1. Out of the residues in segment 187-239 meeting the condition of being over 24 Å from the mean Cα position of the chain (by Cα), without any contact (Cβ under 8 Å) to a residue 24 or more places away in the chain and more than 22 Å from residue 110 (Cβ to Cβ), tell me which one is surrounded by the most Cβ atoms within 10 Å (Cβ to Cβ).
2. Just to be sure I understand the filter: pairs with C-beta atoms under 8 Å, separated by 6 or more residues or on different chains, first member in segment 124-136 and assigned by TED's automatic domain parsing to the domain that holds residue 191 and surrounded by 10 or more Cβ atoms within 10 Å (Cβ to Cβ), second member part of a loop (DSSP other than H, G, I, E, B) and modelled with pLDDT under 90. Which pairs pass?
3. How about segment 190-205: which of its residues are farther than 21 Å from residue 275 by Cα and in contact with a helix residue (DSSP H, G or I) (Cβ under 7 Å, 6 or more places away or on another chain)?
4. Are any of the residues in segment 344-352 surrounded by fewer than 22 Cβ atoms within 10 Å (Cβ to Cβ), in contact with a helix residue (DSSP H, G or I) (Cβ under 9 Å, 6 or more places away or on another chain), in contact (Cβ under 8 Å) with a residue 40 or more places away in the chain and within 23 Å of residue 44 (Cβ to Cβ)?
5. Scan segment 34-58 for residues that are part of a strand (DSSP E or B) and surrounded by fewer than 22 Cβ atoms within 10 Å (Cβ to Cβ) and jot them down.
6. Considering only residues of segment 123-154 that are in a helix (DSSP H, G or I) and touching a strand residue (DSSP E or B) at 6+ places or on another chain (Cβ under 9 Å), which is nearest to residue 221 (Cα to Cα)?
7. I need the full set of residues from segment 240-265 which are out of contact with any strand residue (DSSP E or B) (no Cβ under 9 Å at 6 or more places or on another chain) and in a helix (DSSP H, G or I), in order please.
8. Can you confirm whether residue 384 is assigned to a strand (DSSP E or B), without any contact (Cβ under 8 Å) to a residue 60 or more places away in the chain and surrounded by 21 or more Cβ atoms within 10 Å (Cβ to Cβ)?
């Protein structure tokens, strides 16, 4: 209730202000209302619900909103800013998928190729099929090989050692620790090859190590280190100069701290985070599923490339048809076991390393958005989406865990879409 009052007060202040700058930001049909989004970001940070928050929205290739409030590093006294560098965690995944798809476009592999064709360490994996009378795991052969397509849509049967995975396999997964910072991607594959699959390939949707396997695929198929290939084919061509696995010393003051949420309005700085260790030290691990840092402008350039059909500022990263494949639902309707994929995000499927909104939300409290939207988020509560219908991109940054304790994503989405009038836009 306290936060609601803050947000309403902020919105009222905007509405009552007569200053020229706010008048210039009045809602325009078909465009985003900056004042509405300001009220949300400022409301959350002023109320102490978030330490810091920032966002960047574009429509029709033009910036329609930027705002930054609160602190990037509370202890250092560093404010959240446009050039703040944040850990984007799983928002690394669509970048990895983009790198992989450049190789697909070049004819270097087929989507239904067996993964083991390129990563023989995974050739002999078994599938968990329950326990016998003595309580020992029953392991059976896969009905079919896991394919690259399975990896891109999280239907390979792989685990993530997490709470959403089979508890019977967690101890073995933790012991193998495939994504230890000291592991190379080759070491990761060796460790992963010792673990059983959770289910037969193609049967279910489960968030997993699949995108880290994609990183190794990129490395082996291209013949270049994964991080180098991503820089060469995606980040550098797009001008994403502040995006990478390692933050050099001269940029370190711009790196946001990550906070643990311990209660309403209470945050404690997180120390020793695996991703931050990768970002500030030279480790062998360059995962595909997390690990990148970025800025609002950098990630917005990536999102704009996607919404433009693979091209930005005269530089083409992917063919339009490839982006259409990436951002279209690739899940068979028979794959109904999708755990939290649907949640309050609306009716969604999955493309290449990102979710795809296939239908409007089935409940009144579903998050605002358009059918055809491609989106994903990160463990520190970052978020991005592209909305082809409205030619819109949105990037939202904050840095706290555990994910979802503060429900700011829904408020941000609502602020963006309440300021957009799709009916006033030209027909597509």
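1. It comes out as 191.
2. 128/166
3. Residues of segment 190-205 farther than 21 Å from residue 275 by Cα: 190, 193-205.
Result: 190, 193, 194, 195, 196, 198, 201, 202, 205.
4. Looking for residues that are surrounded by fewer than 22 Cβ atoms within 10 Å (Cβ to Cβ), in contact with a helix residue (DSSP H, G or I) (Cβ under 9 Å, 6 or more places away or on another chain), in contact (Cβ under 8 Å) with a residue 40 or more places away in the chain and within 23 Å of residue 44 (Cβ to Cβ), one finds at least one in segment 344-352, hence yes.
5. Here is the first cut: in segment 34-58, the ones part of a strand (DSSP E or B) are 52-58.
Once the filter is applied, which keeps residues that are part of a strand (DSSP E or B) and surrounded by fewer than 22 Cβ atoms within 10 Å (Cβ to Cβ), segment 34-58 yields nothing.
6. Pass one, segment 123-154, residues in a helix (DSSP H, G or I): 148-153.
Filter again for touching a strand residue (DSSP E or B) at 6+ places or on another chain (Cβ under 9 Å), leaving 148, 152-153.
Numbers: 148: 12, 152: 16, 153: 20 Å.
Among those that are in a helix (DSSP H, G or I) and touching a strand residue (DSSP E or B) at 6+ places or on another chain (Cβ under 9 Å), it is 148.
7. Of segment 240-265, the ones out of contact with any strand residue (DSSP E or B) (no Cβ under 9 Å at 6 or more places or on another chain) are 241, 248-250, 263-265.
Within segment 240-265, 249, 250 meet the criteria.
8. Details: assigned to a strand (DSSP E or B): yes; without any contact (Cβ under 8 Å) to a residue 60 or more places away in the chain: no; surrounded by 21 or more Cβ atoms within 10 Å (Cβ to Cβ): yes.
Judged against the criteria, residue 384 is not a match.
The values are calculated or read from the model by the stated rules, or taken from the named source; none is laboratory data. In this text the structure is predicted, and so the values were computed from the model without any measurement. A quick note on method: Cβ atoms are made from the backbone with ideal geometry, for glycine too, and the neighbour counts reach across all protein chains shown.
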